[in-house]
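Here is the structure we will look at.
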Amino acid sequence: MPDPIIFISRSRIAEGKLDAFVAAYRDAVPLIAETKPRTAVFAAYLDESRREVSILHVFPDAAAMLNHFEGSDERTASVVDVITLTGFEVFGPAPEAAVDMLRREAAANGFPIVVRRESIAGFVRPSA
């Protein structure tokens, strides 16, 4: 089994926009579940201050990641007044096209990207 690809996007939630972000994200979940069937994990987590959010994405392979990224510009644009991207992290054998896209977005917006391609060991369990 190939190593999974994990992508984490980090964002700051605009002042007074937590409820709007939560509503937008909850609306996006069924859309992603329906239109991106090979996205294994799509989950958002707030920090303790409830001002920052990390969105975790897990893909079984490069094709699933590329498929997930189709339409991502439009999805991100729909919440531009609610969140500000602050960082990306990529783990595993992500496709170069996806990493290049993320590097360009990070550079254009002045935030960091961390890329860790080499896996030491690990596993992802299939659904029980």
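Read-outs: derived from the displayed coordinates by stated rules, not from any lab. Small disclaimer: the values here were computed from a predicted structure and weren't measured. Counting neighbours? That spans all protein chains shown, and the Cβs are built from the backbone with ideal geometry, glycine included.
For region 45-91, what are the residues that are over 24 Å from G16 (Cβ atoms), aromatic (F, W, Y) and without any contact (Cβ under 8 Å) to a residue 60 or more places away in the chain?
Residues satisfying the conditions are F59, F69.
In region 89-122, what residues are farther than 15 Å from M65 by Cα and not in a loop (DSSP other than H, G, I, E, B)?
Going residue by residue through region 89-122, those that are farther than 15 Å from M65 by Cα are 103-114, 116, 118-122.
Passing the criteria: R103, R104, E105, A106, A107, A108, N109, I113, V114, R116.
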